[in-house]
1. Find how many whole Å separate the alpha carbon centroid of the stretch 92-120 from the alpha carbon centroid of the stretch 138-207.
2. Identify the residues of the stretch 107-121 with backbone N under 16 Å of a label point that sits 7 angstrom from the Cα of Ile195 along the Cα-to-Cβ direction, or state none.
3. Report, in listed order, any pair from Lys84/Lys246; Lys84/Lys297; Lys65/Lys297 with a Cα-Cα distance greater than 25 Å.
4. So what is the calculated 222 nm ellipticity per residue for the chain, using -39500 (n - 2.57) for each DSSP H run with n of 4 or more, over all residues, to the nearest 500 deg cm²/dmol?
5. Given Ile132, Ala43, Ser58, which one lies farthest toward the positive end of the charge dipole of the stretch 36-151, if we put +1 on the Cβ of every Lys and Arg and -1 on the Cβ of every Asp and Glu?
6. Quick check: residue separation of Phe215 and Ile103 times 0.36 nm, minus the Cα distance between them. What number comes out in nm?
7. Please list 3J(HN,Hα) in residue order for the stretch 152-163, calculated via the Karplus relation 6.51 cos²θ - 1.76 cosθ + 1.60 where θ = phi - 60°; whole Hz, with x for glycine and proline.
8. Taking θ = phi - 60°, what integer Hz values does the Karplus form 6.51 cos²θ - 1.76 cosθ + 1.60 yield along the stretch 64-81, in sequence order, with x for Gly and Pro?
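The values are calculated or read from the model by the stated rules, or taken from the named source; none is laboratory data. Computed from a prediction, not measured in an experiment: that's the story for all the values here. For neighbour counting, all protein chains shown are included, and Cβ atoms are generated from backbone atoms with ideal geometry for every residue, glycine included. In case anyone asks, the SASA skips ligands and DNA or RNA and just uses the protein heavy atoms, side chains included. Shrake-Rupley method; radii C 1.70, N 1.55, O 1.52, S 1.80 Å.
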Amino acid sequence: MKLQAAEKKKKKGQKLPVGFICICVLPAFLLTLIFTIIPTIRAFLLSLTNATSLGLNSKFVFLEKYKYMFRDEYFILALKNTLKLMAVVPIITIAIALVLAFIISQSDLKERGLYRTVFYFPNIISLTVVGIIWSFVFHPTMGILNSFLNGVGLSAWAKSWLGDGSTALWCIAVTLIWQATGYYMVMHIAAMDGISSEIYEAATIDGAGPVRKMFSITLPLIKDIIGITFVLALSGTINLSFTLSKVMTGGGPNGASSVLLQYMYTQGFINGNFGYAMAITVFTLIISIALSMVSRKLTNSES
């Protein structure tokens, strides 16, 4: 009986310090509330009005802005462009990052640290600077790309890459891939370094080559990390494409490289149609969450 009483007393004394936990969580909760939850609610409420950038004479119009959204040909074009980037950029970025990570992780080169730094470096540079650099790469007269094509006798292929509606969006895609690959490569290297070398040694004894090791050992063991990086790449494509579209092309020519957030910026801060801009913002948020949930589900280890 005394033992049971002592155990009960011990359990009673092991209660979680609720007050201490609340104090620890409070700063993060307040920051999330102030900078995420409240602005999101505010954006949704504004999307139900015809507010201008000055907020004058705002009237409640309910879902009129959302209805107009799907009659707006420029919005539809921006949506299609965003979906194209989301369908291409994350897959190629993660694929290249995985290949580079596997090569560096499995190599015995003394320069491993140098390669990691070199490939990661584009992620450190300001995205605006990245856009300016690649604008010069694609420049029709001074650009490196056209100079190279002219130098190897492929002058017929040279063109105004950012001024051509068929290539402007894909120039942004190439820039996004170049900028983000190193970041995801480092994440995958960290995951691969956690795999026991004994597994690879056993595979080598069994006669497995590098390709077989990658598909039979590496990818299955880090598929949870791949799922996380893919979701990050998906959301990053939506967010980062705005800056590159604005810096490199301004959404042109004729909206060929316009994306959702870039079109939202144009409507809100240039055209003064703030209510419509917030409707586009809310729609982008919803589609981002939905696609992230679907992609996470598809890449989940239990799926």
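1. 13
2. Only 107-108 fall inside the zone, counting backbone N under 16 Å.
3. Correct reply: Lys65/Lys297.
4. Mean residue ellipticity at 222 nm (helix-derived): -21500 deg cm²/dmol.
5. Ser58
6. 39.0 nm
7. Each residue's phi maps through the Karplus curve to give 9, x, 10, 4, 5, 7, 5, 7, 7, 4, 7, x Hz.
8. Along the stretch 64-81, the couplings run 4, 5, 5, 5, 5, 3, 8, 9, 8, 5, 6, 5, 4, 5, 5, 5, 4, 5 Hz.
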